[in-house]
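Participant: Got a structure for you, questions after.
Values quoted throughout were computed directly from the atomic coordinates according to the rules given, and no laboratory measurement underlies them. Keep in mind that what you see is a predicted model, and the values were worked out from it rather than measured. In this analysis, Cβ positions are derived from the backbone assuming ideal geometry, glycine residues included, and neighbour counts consider all displayed protein chains.
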Amino acid sequence: MTERLSLQASLSDGIGLGLRAGLLSETESPIDLTLGFDELLFPVESHLFGRDSQSQTFVPGRAWVGVAQTWEFVRARAALTIQPVTDGLEYVPHFALETAFKWPVSVGWECSWEESTWRNLVGISFTLKPIEVSGGLSEFQAWIYRDGNFGWYNTPPTGAVDGIGNPGWWLSVKWDLPPLRTTAVAPMPVVQCPAVVLDPDALKPVVDLLQQRLMRADVAELSVRAAAGTTDDPLSMSVLRHRLLAGGASARAALWRIALDSQGVVAERSQAAITLGEDPQDADLEPFEILSTDPAPALRMESAMALGRIGKVEAYKVLGVLSRDPEESVRLAAKAAVEIGPALGK
């Protein structure tokens, strides 16, 4: 708030001083909220209600609170002034509109309801920070309307007792006070980042996860190509399988995770098993034995072909069980693996 203090001097039939403080700014909130005091020395427009400002011994001034909102080209203000009178406090509502172009000049209109009288003011202001000079016509209706006729009346009517119906003028100068104190911007601390030390053991789970995702994408591609049947190129599928196996032990481990995933897609699991079965190793005997009991016939058939390539005694025991499988394709694959497996094995 100390950065939004302003002093204001107004001149009409008297000189009054004022002070205003910004409570909220539109740059920080949806509205602009201001608190102020004015007419601290003399009531500037006391003649409007038949009072002589020079004869007054006590000038309490008035307090006001205002709120404002700015749109693209216009700014609306609403305020409430509070002023002591002989029988208590007088509350006067005000409403104003002014232009809000990005120029140093603005034009505005203000109305208020004071002592059962409808008042109007128009004005123009020039802003050259930190000074703002405003001036205009008070009781604007008296300038353009009198005795039921529209016109231009720049002199008061004959025999006027007060100034309500008199065309008048006003002038105001506002000065934005500088901040009471300057808040120094705290320097940004310089953070020295330590040298990056890569721990292979800590990175291994991340590498495994990345490899697993890449492997699943390639296996999914194999399953799509296999579903295409004879229209696909078998050579490209063979190249892709060899590329998968080129990853070594970690690649085989990732393929086995896909093949043994009971919640996975059967077509993708089958392609993983086929890829592993093209070059089976002794360590693959146990996982292929697990696949031989899988509910999916396609996986049992692929395990039979791979077990025939392994050619171990334990593999033939499992093939004996598969040769009695209720699924015909699995029985035929197991019998063929027994007959031609040794020729395909290592």
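Participant: May I ask you to derive the FRET efficiency for GLU289 and VAL265 from their Cβ-Cβ distance with R0 = 25 Å, giving the value to the nearest 0.05? Intermediate values should be presented prior to the final figure.
Facilitator: Values: r = 22 Å, r/R0 = 0.88.
Using R0 = 25 Å, I get an efficiency of 0.70.
Participant: Next question, about the same structure. Hey, rough spin-label estimate for ALA217 and ALA336, points 7 angstrom out along Cα→Cβ, what's it come to in nanometres?
Facilitator: Taking the simple label geometry, ALA217 and ALA336 are separated by 3.4 nm.
Participant: Quick one: length gained pulling PHE101 to LYS312 fully straight, 0.36 nm per residue minus the C-alpha distance?
Facilitator: Computed gain between PHE101 and LYS312 is 66.9 nm.
Participant: For a label point 7 Å from the Cα of ASP176 along Cα→C-beta, name the residues of the stretch 83-117 whose backbone N is under 14 Å from it.
Facilitator: Those under the cut-off are 103-105.
Participant: Looking only at the stretch 103-125, which residues have a backbone nitrogen under 19 Å from a spot 7 Å from the Cα of VAL67 in the C-beta direction?
Facilitator: Under cut-off, by backbone N: 111-113.
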